[in-house]
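Below is one structure, written out as C-alpha cells; comments come after it.
The values are calculated or read from the model by the stated rules, or taken from the named source; none is laboratory data. Here the structure is a predicted model, which is why all the values come from computation and not from measurement. Positions of Cβ are backbone-derived with ideal geometry, glycine not excepted, and every protein chain shown enters the neighbour counts. SASA here: full protein model, heavy atoms, side chains in, ligands and nucleic acids out. Shrake-Rupley method; radii C 1.70, N 1.55, O 1.52, S 1.80 Å.
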Amino acid sequence: MRMALARIGVSAMKEAAKGEGAVMTHMDFETLVTLLARIFRSNGVSGVAADILARNCAGAERDGAMSHGLFRMAGYVSTLRSGWVDGRAAPVVEDVGASFLRVDAANGFAQPALAAATPLALEKARATGACVVAIRRSHHFAALWPDVEAFAQAGLVAIAMVDSMAVVVPPGAHRPVYGTNPLAFAAPRENGRVIVFDQAVSVMAHGDVQIAAREGHDLPPGTGVDAMGQPTTDPRAILDGGALLPFGGHKGAAIAMMIEIMAAALTGGLYSHEVDWSAHPGAQTPCTGECLILIDPARGGSAAAFVARVEQLIAALHDAGQSRMPGDRRFATRQKAEQDGIPVSADMRERLEALMGPE
Ligand code: NDP
Ligand code: PYC
C-alpha cells in the first residue's frame, strides 16, 4: 500500500515538473535542437558534439523525460564555464578485441564518444554476435535510453550502464558511495518497434529531487535520508548533505554495485565516489564511465524468432493485466510532440536565451 502511494506521489510530482498550468508555446523538434546547439556552441562545445548533445536533450524533453530535458541545460552550461569538461574533446576509439572497443572520451561528453564508436561497434556486433563498448573519462548528464534505442532499431539488443556521483547510500552505510547509476535496455520488436526501459538505481533520479526542491514539493516516504541519516521527505534535506536510497533496498544496491564495476572498473573510468569536482565550482556533470553491451539476437536462433518471442512475452503481460509497458509513456509523449510540437514555457525560453554565451 505504501509503495503504491509512493508511486502515485512520484507521478504527480513529475506532472507538476512539466509546468502544468504554465503558458506553453510549442516548438518543433528541429527548432529546439537548433536553439540548444547554439547554446552549446556558444559555450565552447564543438559543432559535432553540440549537435549530438542538443538532439539528446531536445529528445528527452520531447519524450517527457523532464529531469533530463531542458531542465539540464543550466547544468551543462555551468559545467562548461567551470572548465571541468572539455566540450571540444576528441574521443579516441581503440579496437582491442573481436568484440571489444575501448573509448577514451578525453574528458568530454559520453554521447560524442559513443557516436565515434558506433560504426565499428555495429560492425563487430554483427560479425561476432556481440560487442562491448567501454567508455572512460566521459561526462554523462543525460537520459540513457538514447544510448540504446537506436541499436534496437538496428536489430540489436542493447544494455547500457553509467555511474554518476556519490549520492546514494548503501544499506547500513553511513555515507553515500553509489551514483544514481542508470541502467537502460532495448530490444527489437516486430514491425520495427522496440521495447525500452531506462531507470536510475535510486528510488528517484537526482534531477527529479532537484526539480521537487525548486517547485517546493515533498517527496514520497522512502526516497532518501537527511544529513543525519534520518528518513526525510524534504528534497532539500536530501540535496543538502543527505542521500538517496536505492530502489528495493539491498537488491537495488547490488545493481548499483554492478553498474559501478561495469562502468568504472571495466572501462578505466572513475567510481561515483571518486568524482572530485571541488576545484571547479559550478561543475555538475560527473566524469566517470559508461559500458554498453550489444548482442545480435540472430545468434540465439533467428532474428525473426527473437522478435516473435518478445511479442509473445508482451502479449502474456497484457493478458495478465499489465497494460502499460516501459517505454509506452515515452513513445506516446513523443508521438504527441511530433504532432503538436514540444511544449516549452515562456519562462523556460527566457532561461534558455540567458544561457547563450558570446557567439
Ligand atoms: P522512471 O522511474 O521515470 O522510469 C523508469 C522506467 O520505468 C522507464 O522505462 C519508464 O517507462 C518505466 N515505467 C515508469 N512507470 C511505469 C509503469 N507504471 N509501468 C511500467 N513501466 C513504467 O525513471 P527514473 O526516474 O529512474 O530515471 C529518469 C531518467 O533519469 C532516466 O532517463 C535515466 O537515464 C536518467 N538518469 C541519468 C543519470 C545519469 O547519470 N546520466 C543518473 C540517473 C538517472 P517510460 O519511459 O515509458 O515512462
Ligand atoms: O538525475 O540522478 C540524476 C543524474 C545524475 C547525473 C545525471 N543525472
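In plain terms, the chain from residue 95 to residue 227 could stretch by 43.0 nm, reckoned as 0.36 nm per residue minus the Cα-Cα distance. Of 236, 136, 214, which has the largest mean-square fluctuation in a 10 Å C-alpha GNM of the chain? For the chain, modelled as a Gaussian network with Cα springs under 10 Å, the answer is 214. Rounded to the nearest 10 Å², what accessible area does residue 359 have for a 1.4 Å probe in the complete protein model? Per-residue accessible area (residue 359): approximately 140 Å².
Across the stretch 203-245, Cα pairs under 8 Å and at least six residues apart give a relative contact order of 39 percent.
Ligands, DNA and RNA are left out, and with a 1.4 angstrom probe the accessible area of the chain is 44 Å² per residue.
Between residue 305 and residue 197, what is 0.36 nm times their sequence separation minus the Cα-Cα distance? Round to one decimal in nm.
36.7 nm
The alpha-carbon atoms of the chain define a convex hull whose volume equals 139 cubic angstrom per residue. With the helix formula -39500 (n - 2.57) applied to DSSP H stretches of n ≥ 4, the chain reaches a computed 222 nm mean residue ellipticity of -13000 deg cm²/dmol. The spread of Cα positions in the stretch 203-245, taken along each principal axis and listed from longest to shortest, comes to 24, 17, 14 Å.
When Rg and Dmax are taken over the Cα atoms of the stretch 141-265, they come to 15.8, 52 Å. Applying the Karplus relation 6.51 cos²θ - 1.76 cosθ + 1.60 with θ = phi - 60° to the stretch 122-127 yields 3J(HN,Hα) values of 5, 4, 5, 4, 6, 6 Hz, where x marks Gly and Pro. The label point for residue 250 and the one for residue 265, both projected 7 Å from the Cα toward the Cβ, are 1.9 nm apart. The spread of Cα positions in the stretch 218-359, taken along each principal axis and listed from longest to shortest, comes to 53, 42, 38 Å.
Figure note: 45, 96, 23 ranked by solvent-accessible area, largest first, 1.4 Å probe, ligands and nucleic acids not counted: 23, 96, 45. As a length-normalised measure over Cα pairs under 8 Å and 6 or more apart, the relative contact order of the chain settles at 23 percent.
Sorting 140, 174, 273 by accessible area puts them as 174, 273, 140; the probe is 1.4 Å, largest comes first, and only protein heavy atoms count. With the cut-off at under 12 Å, measuring from each backbone N in the stretch 296-333 to a point 7 Å along the Cα-to-Cβ line of residue 190 picks out 304-316.
Karplus-based coupling profile of the stretch 311-328, in residue order and whole Hz: 4, 4, 5, 5, 4, 5, 5, 4, 4, 7, x, 7, 7, 9, 9, x, x, 4, with θ = phi - 60° in 6.51 cos²θ - 1.76 cosθ + 1.60 and x standing for Gly or Pro.
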